[in-house]
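Please read the structure below before turning to the comments.
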Amino acid sequence: MGNFKMICLDIDGTLLNSNHKISKEVKDTINIVANQKKMLVILVSARMPKGIIFLQKELEINQPIVCYSGALVLDKDGKTISKKYINVLDLEEIYKLVLKYNIHISLYKNDEWYIEKMDYWAMQESEITNIIPKIADFKGLIELWKKEGTGPNKILCMGNADKITFLKENIKVNDLNIYPSKPTYLEIMPANTTKTSAISCLQKKFDVSRAEIITMGDNYNDIDMLEYAGLGIAMGNAPEDVKKHAKDVTLTNDEDGVAEALKKYVL
C-alpha cells in the first residue's frame, strides 16, 4: 500500500450506483477513510455545488469540492478557491446553433442552473440531481452577462445521440473544453478547465504530491485525472478506452467498486 493522502472521486458512474445512490458499503468505507484515517476525500464532478454538497453530508465528509469538472473549486466552507467562466460571446454562438436545431441547453453559473423551459431533458436531469432549475430568458441573461463581463461556468446540451454528435462537430469555437459525458449529453466547459487543473490547485493548498493521490472515475472527462494521479483507478463500468489510461480497474459502480479499491489500497 502506498502512502496516499488524497482520494479524488468522480460522482456519477463512480461514487453513485445505477440508481444514483451511494451504497451502504461505499458509504461505510469512505467514512473510515475520511474520519478514522483522516484522509482527504474530494468529490470531483461536472455537477454544480448543490448537486455535490448533499452527497458530502450523506458521506459525513467536510472537504473542498470540485464542480463543473474544474471550472469552480470551493473550500469546505463554500468559499471560492478558483473559478473560470465561458466567454459570453462563445455562449451566444452556441445558443444560436441549439435554437436552430432544437437541442436542449442548460446554463450553470456559480450555484444556479438556468433553463428556458421545463422540457423532457430538464425534468430527467432534475430527477437525477434533485435540483430544480430556474426558468430564465436566455437572451436577457446573455445581455446581462455581457454588461457584467462574465458568463456561465458550464453549458450542458441534451438531446438524442445523433443531435449531440452533430452539435459536437459543428461548434466552431476553438478555446472550449467540449466532450460528451454520455451519448445524449454534451458538456461544455471553459478552455483549459480539467479535473486535473482543480486537483493541482488543491494539491498546493494541502501540500500533497502527485504520488500521494488516488483518483477514481468512469468516463472520458476522468482520463486526465486518472493519468495524473499516483494511482488512477478506472471503474469496471468504464469504457475500454478509459480503462487503458488507468493503473488499475476496480469493480463496477453497482458492485461497490469504490469500496473495493479503497480496501485494496488504503485499508
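The values are calculated or read from the model by the stated rules, or taken from the named source; none is laboratory data. Quick caveat, the model's predicted, so the values are computed rather than measured. Reconstructed Cβ throughout: ideal geometry from the backbone, glycine too, with neighbour counts over all protein chains shown.
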Among the residues in the stretch 49-63, are any closer than 24 Å to residue 209 by Cα and touching a residue at least 40 places away in the same chain (Cβ under 8 Å)?
no
Looking at the stretch 64-82, can you tell me whether even one residue there is more than 24 Å from residue 14 (Cα to Cα), in contact (Cβ under 8 Å) with a residue 40 or more places away in the chain and surrounded by 12 or more Cβ atoms within 10 Å (Cβ to Cβ)?
yes
(1) free of Cβ contacts under 8 Å to residues at least 24 places away in the same chain; (2) in a loop (DSSP other than H, G, I, E, B); (3) crowded, with 17+ Cβ neighbours inside 10 Å all hold for residue 208 apart from (1)
Looking only at the stretch 95-124, count every residue that is among the charged types (D, E, K, R) and loosely packed, with under 12 Cβ neighbours inside 10 Å and tell me the total.
4
Do we have any residue at all in the stretch 100-115 that's at pLDDT below 95 and of a type in the set (A, V, I, L, M, F, W, C)?
no
Among the residues of the stretch 211-236, write down those that are in contact (Cβ under 8 Å) with a residue 24 or more places away in the chain and part of a strand (DSSP E or B).
213, 214, 215, 216, 217, 231, 233
Test result for residue 127, surrounded by fewer than 19 Cβ atoms within 10 Å (Cβ to Cβ), free of Cβ contacts under 8 Å to residues at least 12 places away in the same chain and among the acidic types (Asp, Glu)
yes
